[in-house]
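Notes follow the structure.
Each reported figure results from applying straightforward, stated rules to the coordinates on display, with no laboratory input. Keep in mind that this is a model prediction, so the values were computed, not measured. For neighbour counting, all protein chains shown are included, and Cβ atoms are generated from backbone atoms with ideal geometry for every residue, glycine included.
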Amino acid sequence: MKFFVDTADIEEIKTLADTGLLDGVTTNPSLIKQSGRDFIEVITEICSITNGDVSAEVIALDFDGMMKEAEKLAAIASNVVIKLPLTFDGLKACKKLSVDNVKTNVTLCFSAAQALLAGKAGATYISPFVGRLDDIAFDGLQLIEDIVTIYSQYPDIDTQVLVASIRNPIHLTESAKMGADVATIPPKVIHQLFKHPLTDKGLETFLADWEQTNQTILA
Ligand code: G3P
C-alpha cells in the first residue's frame, strides 16, 4: 500500500520524506489556506522534496477553466497530479487529461457509482472520503470495500483507490485489509501509526536491564 501525506506543511513533508516511507503528497484548497502560502510556490516546493505523485487541485468549476488550470499546474513538475472534483465537468476534464497522459486524482467521491464513473473517465486515482461519511453516520469503510470490489471486476479499470479523509489508524488498516492501493494520511495520524504503549514499555524495560549490564555497544 502506498502512503501519501495529506498536507501542505513543508516541514512535515520533509520530516516524513526523510523516513523513506513516503510515496507522495495530496493537497486541497483548505490545506493551502492552512499553510498561509502561495499555492504555486507550495506545490513547486513539495515537488522538489519528493519524486512521488503530488496532487494539486483545480478551482474552476467548468471544463474549459479546469483544463487551463490543469495545464498551468501540470507544467510545475512531472510529478504533479491534477486533482479534479467529482462533477460532470470534472470527469469530462479527467477523461481529456487521461487521453493526454496527464495523471489525475478525482476527489470528493462519496458513492460507489461516482467511483465507477471516475474509473470509466480514466482517473489515475479516485479519492473516496471515509471520515466525512462517518461524520454524517454513513459507513465510510463500506464505501472503500464497495469500490475495491467493483474495480476488481473490471481489469480494464486502472484507477487506483486512494483512501482520503482518514481520521485514525483503523481507517488505514481496514482499508489495507480491503486492498486499497493508496492512503492519504494527515501527519498526526502518520505519527500515531508508529506508536504502541507496549513498544514504549518494552523499550523502557530493555534499556533499564541493559544499563545493569554496564556494557556499551560503541566502546
Ligand atoms: O484531501 C482530501 C481529504 O483527505 C480531506 O480530509 O479530514 O478534511 O475530511 P478531511
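If the segment from Ala113 to Gln153 were pulled out straight at 0.36 nm per residue, it would be longer than the present Cα-Cα gap by 13.0 nm. Amide H contacts under 5 Å for Val81: Val54, Ser55, Ala56, restricted to partners 5 or more places along the chain or on a different chain, H placed in the peptide plane at 1.01 Å from N. Which of Thr173, Thr199, Gly52 sits farthest toward the positive end of the charge dipole of the chain, with +1 on the Cβ of Lys and Arg and -1 on the Cβ of Asp and Glu? Result: Gly52. Based on the convex hull around the alpha carbon atoms, the chain presents an average projected area of 15.0 nm².
Let me spell out the model: positive unit charges on the Cβ of Lys and Arg, negative unit charges on the Cβ of Asp and Glu, origin at the Cα centre of the chain. What dipole size does that give, in debye rounded to 20?
Working: 18 positive and 30 negative charges, 76 e Å.
Charge dipole of the chain: 360 debye, to the nearest 20.
The packing ranking of peptides 123-130, 56-63, 84-91, highest mean first, is 123-130, 84-91, 56-63, where packing means the average number of other beta carbon atoms within 10 angstrom of each residue. Peptide packing: for 146-159, 13-26, 172-185, 203-216, the average count of neighbouring Cβ atoms within 10 Å per residue gives the ranking 172-185, 13-26, 146-159, 203-216, highest mean first.
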